[in-house]
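What follows is a set of notes on a single structure, which appears directly below.
The values are calculated or read from the model by the stated rules, or taken from the named source; none is laboratory data. Quick caveat: nothing in here was measured; it's all calculated off a predicted structure. No Cβ is skipped: glycine too gets one built from the backbone with ideal geometry, and neighbour counts run over all protein chains shown.
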Amino acid sequence: MAKKHYIIPVFVPHKGCPFDCVFCNQKKITGRTKEITAEEVDEQIQEYLSTIGNLNGKHVEIAFFGGSFTGIEKMKQEELLRIAYKWKKRGKIKDIRLSTRPDYIDESIMKFLIDYGVSIIELGVQSMDHEVLIKSGRGHTAEDVVAAVKIMKQYPVEIGLQMMIGLPGDTIEIANGTAEKIIDLSPSFVRIYPTLVVKDTYLEKMYLQGNYNSLSIEEAVVISKGLLLKFLKSEIPVIRVGLQPTENILLGKEVIAGPFHPSFRQLVESKIFKGMLDYALSRQDIKNHSFIEIQVNDRYLSSLVGHKKENINFIKNKYSIKKIKIIRNNDLKDTCIKIIKSGEETFVLNMKEYANNAI
Ligand code: SF4
């Protein structure tokens, strides 16, 4: 059985960051403005570990989120990492994760991080397109990403690359191009974040002045669907699609526009299942069949059915099927669907096969 995974999140706002990424307001995103101290981190870790109890068979990691970790003062980095490393050396936690900018990685930084037991590093790539990076005020280039990954690959770390969709100047084609360049770098995993317009950011000004149009949820879902399938085809896990909803990041509170949805990933997966159903049925002599049965693993039941039965109604209408019965079958691999017509199995399809064939 897979080990249970626990993440102890430590938010490190990047105070005094010299960059002006149009979408960023660190204080809003992390929900805190005060600088975090080593004592607070230590307490936080102790408290979290006490809630987990027996650590046997559990995979615990400390994750420094919220800023460009290697861009903060070196003394602060050391102060925080020393605490995390203490717990790692005691065998209480397995991994230390942090995120940073591509231009804040070099040989000496990597040696320093490895000395403190850092095992997972995520880079905020955001886009691999020159114009998008400029328009978004990122202050680094796509070449910086390639150079950083090259250096990181010489060290025993997992590499995560984060990309954003819907940044100023971004399009579906450009987003696909970014994904392809990320795939070429073969990271251990990726995250996909749709751009949100957060209060007190430059993007908010652009939006209010009519110089930026945010993606609609539907557009963001369609783009993310293609990206998810691309990464799946390349066997690169996508560990997050959409922003973690925190109390501050609720539409109308801190997010003033953009494709925010608390279950964004599920919307994307549901769109993929719709495509899978269509793909599977289009290869069958199914038209005007009065009754079919579709089996799916419990985990993906609601994604298969879709919001307000959208997916089921779509295939019912398109293929003139009178009745569709959905059956839970937990013997099926998670993203697999099985279609049964007249009591006979006619088609089994999983998401990976669909990704391989449909894109
Ligand atoms: S997203 Fe940009 S502006 Fe915000 S902390 Fe990171 S580098 Fe600085």
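Details
- All of (1) touching a Lys or Arg at 6+ places or on another chain (Cβ under 8 Å); (2) closer than 30 Å to GLU79 by Cβ; (3) at pLDDT 95 or above hold for ASN176 with one exception: (2).
- Residue list for segment 317-328, restricted to those being out of contact with any strand residue (DSSP E or B) (no Cβ under 7 Å at 6 or more places or on another chain) and surrounded by 14 or more Cβ atoms within 10 Å (Cβ to Cβ): LYS318, TYR319
- Scanning segment 329-349 for residues that are over 24 Å from LEU232 (Cα atoms) and surrounded by 12 or more Cβ atoms within 10 Å (Cβ to Cβ) turns up ILE340, LYS341, THR346.
- Among residues of segment 313-340 that are more than 10 Å from ILE294 (Cα to Cα), those with a beta-carbon under 6 Å from a residue that is part of a loop (DSSP other than H, G, I, E, B) and among the hydrophobic types (A, V, I, L, M, F, W, C) at least six positions away or on a different chain give the pairs TYR319/ILE286.
- Qualifying helices (runs of 4 or more DSSP H) (wholly inside segment 15-133; at least 3 residues being assigned by TED's automatic domain parsing to the domain that holds ILE151 and loosely packed, with under 14 Cβ neighbours inside 10 Å): 38-52, 74-89, 107-115
- Counting residues in segment 238-256 that are in contact (Cβ under 8 Å) with a residue 24 or more places away in the chain, in the same structural domain as VAL221 (by TED's automatic domain parsing) and in contact with a His (Cβ under 9 Å, 6 or more places away or on another chain) gives one or more.
- Within the span defined as segment 104-119, every residue fails to be within 14 Å of the ligand (Cβ to nearest atom) and without any contact (Cβ under 8 Å) to a residue 24 or more places away in the chain.
- Between PHE273, PHE314, PHE291, the distinction of being of a type outside the set (Asp, Glu) and crowded, with 18+ Cβ neighbours inside 10 Å belongs to PHE273 only.
- Lone qualifier among ILE8, ILE83 - being within 24 Å of the chain's Cα centre (by Cα), away from the ligand (no atom under 16 Å from the Cβ) and modelled with pLDDT of 90 or more: ILE8
- Meeting the requirement of 3 or more residues that are within 16 Å of the ligand (Cβ to nearest atom), the helices (runs of 4 or more DSSP H) wholly within segment 136-246 are 142-152, 202-208.
- Residue within segment 47-60 that is within 16 Å of the ligand (Cβ to nearest atom) and touching a Leu at 6+ places or on another chain (Cβ under 8 Å) present: no
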